[in-house]
Every structure is written in C-alpha cells, then in structure tokens.
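The values are calculated or read from the model by the stated rules, or taken from the named source; none is laboratory data. Please read these numbers as outputs of a predicted model, since none were measured by experiment. Methodologically, a virtual Cβ is constructed for each residue, glycine included, from the backbone with ideal geometry; neighbour enumeration extends over all protein chains shown. Heavy atoms of the whole protein, side chains included, go into the accessibility calculation; ligands, DNA and RNA do not. Shrake-Rupley method; radii C 1.70, N 1.55, O 1.52, S 1.80 Å.
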Amino acid sequence: ANLTDADGDPECFACPAGLSCAGGGAAPAVCSPGTAAKPARDKCAMCGVGTHQPYAGSASCVPCDPGFFCPEGSSAQLPASCPAGFYNGNASTTLESLDDCVGCALGSFCAGGAAQPTACAPGSIAPSANMSACELCPKGHYAASRTACEECEAGTYAASEGLSLCTPCPHPLSSSSGDVTCSTCKEGFYLLDGTNGDPADIFK
C-alpha cells in the first residue's frame, strides 16, 4: 500500500486473502477462478489436481465432489469419464475416480466416457486388451472369432475386408489358401464337378 503513517513514512499492509500483491506501489490483484491465495501472498496459486475454485478472489480451493474430475487449475468440476479403451467397472454407480476405470477385454472395444464395452461386430476383431476400436480382418481372411482372423481355406476366397465367412469358389481347385478371388479357366477349358487336375494347367 502507498499509505503513510503520522510521520509521513510509507506504511505497508499484509495482502488480504484472495488477492496477490506483487510489491512496490502496485495495487492488490484479485485471484482469478481456478486459483487462490492465502493472506500475505505475492501471487495466486493454481488449484491442485482434485480441487477447484469457481469464484474469483478466493482464499482456498475446494475438493471435487465424488463422480467429478478436476485437473490442475480447474475453475469447474468435470464429469469423470474413462479414457478410450477403458470403462467404468461398476456401471450402476457414478465414476468416483479414474482409478475405477477397467481395461476393455479381448474381443470388445471401449469408446471411453460413460460407454460400456461393445463386442466386435462380425468380421472384426480386438486381439488385445484396452482397444478403443475393433480391427477389420484383411482381404483373404475371415474373423474366426472376435479375437483372431484366419486365412480362407483353399477353394474359398474373401474379396473384401471385414468378412466373417469366406465365399466358396465355383471349383474347389480355383483358389489357394488366403486368396482374394477365384481363378478362371484358361481358354479351351471349362468347369466340371470333381477335384482332379493340376490347377496350374487348368486355371489362369
């Protein structure tokens, strides 16, 4: 403060709570929301993780309520939500802490937030835990389960991604394992029932 006493000398006062005093002749500054200051502080301190302060000019920060999350410097409480790949292990209650988030199991994905695990759709897999999305099986493969893709057997094919079954070829010799299409007959040949013949001689 720039006040003087009876002798005319400067008289300084302790900075009030909720304000910061940088010294010199500067007037006290009000702490902004998300910060606080105890008495006689030269600057306002950010609220720590797990606390918040919605009002300006406050002496202290207040703890977050259950079911909310407060990062450092919070001026408001945020609804607690799990990151992608995790979910609230107790769906019947509000999330108390991020420590309550549970990793998504194999064969399912977790989008995060309040979402519960979702099983992978046919043709897609989640081969590891904590996945935020399922992966499509590549061409020439099919989803044998929700956790693994396998090659199409000889005589079948998969022309596109994300299939749960392989398509049989018109002739059992016209495709190899993992093929994405069936071979067609060379000129001078036509398809017959049966499995005799060398595919290299018959198909192009």
query: Of all residues in region 112-129 being under 18 Å from Asn90 (Cβ atoms) and assigned to a loop (DSSP other than H, G, I, E, B), which is least open to solvent (accessible area, probe 1.4 Å)?
result: Gly112
- prompt: Is there any pair linking a residue in region 57-85 that is more than 30 Å from Thr118 (Cβ to Cβ) to one that is aliphatic (A, V, I, L, M) and open to solvent by 50 Å² or more (accessible area, probe 1.4 Å), with Cβ under 6 Å and at least six apart or on different chains, and which?
  reply: Gly57/Val30; Glu72/Met46; Glu72/Val49; Gly73/Met46
- request: Hey, can you tell me all the residues within region 97-110 that are open to solvent by 70 Å² or more (accessible area, probe 1.4 Å) and either free of Cβ contacts under 8 Å to residues at least 12 places away in the same chain or assigned to a loop (DSSP other than H, G, I, E, B) (or both)?
  value: Asp99, Leu106
- prompt: So, of the residues in region 64-81 that are assigned to a loop (DSSP other than H, G, I, E, B) and crowded, with 18+ Cβ neighbours inside 10 Å, which turns out to be modelled with the highest pLDDT?
  reply: Gly73
field: Condition met for Pro54 (assigned to a loop (DSSP other than H, G, I, E, B), closer than 14 Å to Glu72 by Cα and not aliphatic (A, V, I, L, M))
entry: yes
